[in-house]
Structures are given as structure tokens and as C-alpha cells.
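The values are calculated or read from the model by the stated rules, or taken from the named source; none is laboratory data. Not measured: the values here are computed from a predicted model. Positions of Cβ are generated from backbone atoms using ideal geometry, with glycine treated the same way; all protein chains shown enter the neighbour counts.
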Amino acid sequence: MRQIDHFLVGGAPAASRFSDIMDPNNGGMQGRVALGDKAVLDQAVAAAQAAQPAWAAMNPQRRSRVMFDFKALIEKHMDELAHLLSAEHGKVIADSKGDIQRGLEVVEFCCEIGRAHV
């Protein structure tokens, strides 16, 4: 059975509480997800605050390249992501791919923002 833990830089604190992930197609349990607490939130905020200065200091073209790499990873793993989304929401694969495509449009916008003339 699949277990979804928190993913944080430096590792997440061990979870003490979990919630079942139900399969909306058959009502059965398909996994467990770790529930966050104040310690997980504090660690996530601290990691974001530590990363922000370096990201802000990076030139816009480099940030854009990072977003293009992110976009390429989403495209490469589209089928896998669609199956995960379908399993968690009871959608057909085509609907899940459409949702992911709409998310890609947001990523594409972020890729180009560094080139915008404001």
C-alpha cells in the first residue's frame, strides 16, 4: 500500500498521524497520507524563507530556464501524473490529462514572465 509522506528540504519530521486515501472508484483504501502539524509547517516555512534570497538574486532568464525544466518534467511524466490524479479523484484519464494541461499553461506563463517588458 502506498504511503505519502511530506517532502521537505533536509527531511520532514516523522508523522504521528495519518489519513486513509480512499479509491473513489470502489470505496476501498489505496494508501495513507501523512498529516502535517505545526513542526512540519514551521520547517516548510523556514525552508522557503532560506531559499527565497537565492531565488530572488537569480537573474530572470535563469529562473525562466528552471521553470522550463519543470515544464519538461511535467510533460515527460504526463501519463504517470494522470494516473495518480485519476486514482485520487475518480476521474477518467482524459479528464486528468486535461487538468494537468491546464496546470502546464500556468507553468508556461511563469516561464515567459522573465521576458515580459513591464
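For Gly27, only one of the following conditions fails: (1) surrounded by 13 or more Cβ atoms within 10 Å (Cβ to Cβ); (2) at positive phi. What is its number?
Just one mismatch for Gly27, condition (1).
Take residues that are small (Gly, Ala, Ser) and under 20 Å from the mean Cα position of the chain (by Cα) and tell me which of the strands (runs of 3 or more DSSP E) falling wholly in the chain contain 2 or more.
Filter on the chain gives 29-34.
Can you tell me which residue among Ala34, Ala57, Ala44, Ala94 is of a type outside the set (Asp, Glu), exposed (fewer than 13 other Cβ atoms within 10 Å of the Cβ), over 25 Å from Glu112 (Cα atoms) and at pLDDT 90 or above?
Only one candidate qualifies: Ala94.
If I ask for residues that are in contact (Cβ under 8 Å) with a residue 40 or more places away in the chain and more than 30 Å from Ile113 (Cα to Cα), which ones from the range 1-31 would you list?
Of everything in the range 1-31, those that are in contact (Cβ under 8 Å) with a residue 40 or more places away in the chain and more than 30 Å from Ile113 (Cα to Cα) turn out to be Ile21, Asp23, Pro24, Asn25, Gln30.
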